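The next block holds one structure in the form of C-alpha cells; read it before the comments.
The values are calculated or read from the model by the stated rules, or taken from the named source; none is laboratory data. Model, not experiment: these values are computed from the prediction. No Cβ is skipped: glycine too gets one built from the backbone with ideal geometry, and neighbour counts run over all protein chains shown. Surface accessibility is based on the protein's heavy atoms, side chains included, excluding ligands, DNA and RNA. Shrake-Rupley method; radii C 1.70, N 1.55, O 1.52, S 1.80 Å.
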Amino acid sequence: MAIQVYNTLTRKMEEFEPLHGNRVNMFVCGVTPYDYTHLGHAKTYIAFDTIAKYLRYRGYSVFYIQNVTDVDDHLINRSKETGESEAELAEKFFKLFIEDMTALGMDSVNLYAYATEHVPEIVEQIEGLIKKGYAYESNGSVYFEVGKFSEFGKLSKQVLEKLRPGARVEVDENKRNPEDFALWKAEKPGEPTWDSPWGKGRPGWHIEDTAIAMAYFGEQYDIHGGATELIFPHHESEVAQAEALTGKKPFVKYWLHTGVLNVKGEKMSKSLNNFWRVQEALEEYEPDVLRFFLVNAHYRSPVDYTDEVLEEAKQGYERLVETVQNVRFALKMQAKDERTSEDDEVDKAVKEVMQKFEESMDNDFNTREAISHLFTFSTKVNAALSKGLTRESLEGVLKAYRTIGDVLGLFKKGIEKEDVVDGLMEFLVEMREKAREEKNFEVSDEIRDRLAKIGILLEDTKDGPRWKKR
RNA sequence: GCCCGGGUGACAGAGCGGCUAACGUGACCGACUGCAGAUCGGUUUUUUGGGGGUUCGACUCCCUCCCCGGGCACCA
C-alpha cells in the first residue's frame, strides 16, 4: 500500500508518488528569527520532522530544506528597538530556534537556506517575471501583478474579486492594483539593502521561498509544508510566482498544512501575546513529553493547549516509557531460556504493531492512530511480562519501540542504557533489601523516601527491586 | 461579506455506508504488595450540534440552520 497524503491543492487524499522515483524534495517554511520559538512553531516543525522521518523509514531519499527569513519587517523593527543589527538578531534567534527544536528531537532538515544568501537567485527570478510581463517596476520596487495570473486563488480557493471587501490591503500608490504584492522593496533609510537592477533594496516576503526551492529542486518539486495560516497569501503567492515564471504546473505536487496550536480557543501567536516559549515549556516538562503531546494529534488538526491536556500527555507518555523500562528490567533480571506460548503471543503482537503503525502512518501520517496501537501493544507486553519471556522476544519488543520511537522522535531516554550511577544504586538497593529481610521497614522506607526526594523511584517487584529516574 | 476546517462520552480525541463508536486521561472495584509504586483484569457515561433528504440501513453521503476555530494581503 502506498502512502496517502491530504493535498491542500486538491482538497483530497492522494496517493503519494514523488516526481523523481525515490527522491523526495521537501520544503517547509522556516522561521523569521526575530524572537523566541514558541510551542505553536514547534507543532509545525515537529510535524514535518516526523513526516520526513517516516518517509525515510519507508525508503525515500528525502532532501528537506527549511528557509530562514533573515531579512523582513519584524527583524528591522526589532533591530531598531534593541540596537542589534538584523544579522546579529537573526543569528541569535536562529541559534535558539535550533537549540529548542533539537531538544524536541528535530534533526531531519538537510539544509537551512538563508534568504540573504540567495539574493542573486531572487533577483534573477524577479527579472524573469518582469520579462514575462507578470511583474512591473515602480519607483525602485517591483510588484507582482496578481490580475495577470488567471489561476490566482487556486490553492486557497479564493476568488480575487471577493477578497477585496474587508481586506486590509496596505495602501501604496506605487502599486497598480491593491492586491499586487512586492517582489522587491526599494531602499528605505536605515534598512539593510542589496544591489539590484532596480537600485538598492531588499526581497519581498514570498519570493525567497520560490527562489530557494528552484535553486535546489528545479522548477517543480514534491512537498511544500507550512501551517494553515500561510496558505493565503503566502503560499498562494508562491504558486503564482513560480508558475507564472516557468509555466510548469503544478509548482508543488503536494501542499501539506498543519493545524495551528490554540490557547483557550484562540491561535497561539505573538500578536495575541498568549504564546508559550519552548524554553519555558521545557522548564516544566520533559522534552519527550512535549514532543509526545505534539505528535499525539493528527498534524492537520488544530490542537488546544491547556495544562490538563499536557498533564494527560505526560501520564500517557509515561505509561509507554514505563513499559519500555519494564522490558529492559525483565531483560536484565528474568529472561527465560525456554520459549512458551507467551513468546508466540508477544512475537505476534510485535508484528501486528509494526504493521498497524505503518498502516496508520501511510494514512496521511496519522500519528495519533499510530500511537493508539502502541498503547494496545504496551498492554499486551505488560501482561505477558508477568509470565516471563525469552531474551529474543524481549529484544523483539524493544526493537519495535526503538523503530517506532525513532520515527516519532520518542523513547530515546527509555531505551538507552543507564549510566554509572548503576553501581551506586546497586549497593543502596542491596542495603535496603537486607533491612527488609530483617523486617526493618523503618530503614528500608527511609532509603526509599530519601531516594524519592532526589528523583529516584524505587519499586519492589516480584522479580526483585528496581529503580528509575523520574 | 467571502474562502477553508471542525462540532462524537466527565475530559481529550480517532475511525467507518451495516460489526462491542478506537486509544488515552480521570473516577471506581478487584488481583498483586509489609507499605508504596508499577502492572494486569473489570466497571463507568455517548442513538456522534439541530432539522430535513438519499438509502434496506447514516456518526459516516447530500441540503439547510446554529455554534466554534483559521484565513482574507503581518504570522509556523
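Just a few scattered comments:
- Condition broken by A:D288, with the remaining ones in (1) buried (at least 18 other Cβ atoms within 10 Å of the Cβ); (2) within 12 Å of RNA strand B (Cβ to nearest atom); (3) in the same structural domain as A:H41 (by TED's automatic domain parsing) satisfied: (2)
- The residue of the stretch A:117-160 that is least open to solvent (accessible area, probe 1.4 Å), among those that are out of contact with any Phe, Trp or Tyr (no Cβ under 8 Å at 6 or more places or on another chain) and within 10 Å of RNA strand B (Cβ to nearest atom), is A:G153.
- Top-ranked residue in the stretch A:314-331 [being more than 8 Å from RNA strand B (Cβ to nearest atom) and open to solvent by 40 Å² or more (accessible area, probe 1.4 Å); ranked as nearest to A:S386 (Cα to Cα)]: A:R328
- Residues satisfying the stated conditions in the stretch A:370-404, i.e. in contact with a helix residue (DSSP H, G or I) (Cβ under 6 Å, 6 or more places away or on another chain), of a type in the set (G, A, S) and over 20 Å from A:F293 (Cα atoms): A:A384, A:S393, A:G396, A:A400
- Complete set of residues in the stretch A:401-413 that are touching a Lys or Arg at 6+ places or on another chain (Cβ under 9 Å) and either within 13 Å of RNA strand B (Cβ to nearest atom) or open to solvent by less than 10 Å² (accessible area, probe 1.4 Å) (or both): A:G405, A:V407, A:L408, A:G409, A:L410, A:F411
- Wholly within the stretch A:1-71, strands (runs of 3 or more DSSP E) carrying at least 2 residues that are open to solvent by less than 20 Å² (accessible area, probe 1.4 Å), in contact with a Lys or Arg (Cβ under 6 Å, 6 or more places away or on another chain) and closer than 22 Å to A:R291 by Cβ: none
- Strands (runs of 3 or more DSSP E) within the stretch A:130-213 that include 2 or more residues touching a Gly at 6+ places or on another chain (Cβ under 6 Å) and of a type in the set (A, V, I, L, M, F, W, C): A:181-186
- Every residue from the stretch A:338-372 that is open to solvent by 40 Å² or more (accessible area, probe 1.4 Å), assigned to a helix (DSSP H, G or I) and near RNA strand B (Cβ under 8 Å from one of its atoms): A:R368, A:E369, A:S372
- All conditions in (1) near RNA strand B (Cβ under 10 Å from one of its atoms); (2) open to solvent by 60 Å² or more (accessible area, probe 1.4 Å); (3) over 24 Å from the mean Cα position of the chain (by Cα) hold for A:G204, with the sole exception of (2).
- Filter pass, A:Q334 being more than 13 Å from RNA strand B (Cβ to nearest atom), open to solvent by 20 Å² or more (accessible area, probe 1.4 Å) and under 19 Å from A:A383 (Cα atoms): yes
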